[in-house]
Amino acid sequence: MWCGRTMALLRVSGLWPTRVLGRRPLNCSAASLAGSNSPRCWNCGGLGGPLRGDRFFCPQCRALQPPDPTRDYFSLMDCNRSFRVDTAKLQHRYQQLQRLIHPDFFSQRSQTEKDFSEKHSTLVNDAYETLLAPLSRGLYLVS
């Protein structure tokens with residue numbers, strides 16, 4: 001069965017429709033989610049809410065979840081934690097993430113989702129700028 005991580009990968013790769021009216025993503029069964037320690041969604045209270053891996057959205061209601069404050073820039077941008085970074089891959093990941101969470105795509109959503117979108121977008125911008133420049137990347141690595 002397709003669960004949150006698979007849907008997130010399809011969504012990030014551009015293979016899963018993110019804002020198609022009338023289409024709902026496949027949901028994980030309640031039994032498969034019952035044993036997990038996932039926090040609940042702020043919107044629907046469903047299991048598996050906030051970020052796990054690349055899941056930015058609740059698998060049940062598709063509401064944008066708050067950013068994970070413990071996540072580092074390397075994992076967010078899907079890069080190895082080293083000084084050498086593939087800048088083409090970094091730029092591609094940046095564009096993928098911005099297509100998912102940019103505030104312009106949330107203009108018709110709730111104020112909470114608009115705020116989360118701004119926070120996510122700011123975090124992605126900061127991560128991209130930090131990891132793109134060798135000096136700031138090195139300083140981030142040693143901090």
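The values are calculated or read from the model by the stated rules, or taken from the named source; none is laboratory data. This structure is a prediction, so every number in the text was calculated from the model and none was measured. Glycine also receives a Cβ, built like all others from the backbone with ideal geometry; neighbour counts cover every protein chain displayed. Side chains included, ligands, DNA and RNA excluded: accessible areas come from the protein's heavy atoms. Shrake-Rupley method; radii C 1.70, N 1.55, O 1.52, S 1.80 Å.
Count of segment 92-101 residues, restricted to those that are touching a residue at least 24 places away in the same chain (Cβ under 8 Å), of a type in the set (S, T, N, Q) and either touching a Phe, Trp or Tyr at 6+ places or on another chain (Cβ under 7 Å) or open to solvent by 40 Å² or more (accessible area, probe 1.4 Å) (or both), is 0. Filtering Leu141, Leu132, Leu123 for residues that are among the aliphatic types (A, V, I, L, M) and under 15 Å from the mean Cα position of the chain (by Cα) leaves a single hit, Leu123. Taking each residue of segment 102-121 that is touching a residue at least 40 places away in the same chain (Cβ under 8 Å) and looking for partners that are among the polar types (S, T, N, Q) and open to solvent by less than 60 Å² (accessible area, probe 1.4 Å) with beta-carbon atoms closer than 6 Å, six or more apart or interchain, yields Phe106/Ser117.
When restricted to residues that are without any contact (Cβ under 8 Å) to a residue 60 or more places away in the chain and closer than 18 Å to His102 by Cβ, segment 53-67 contains 9.
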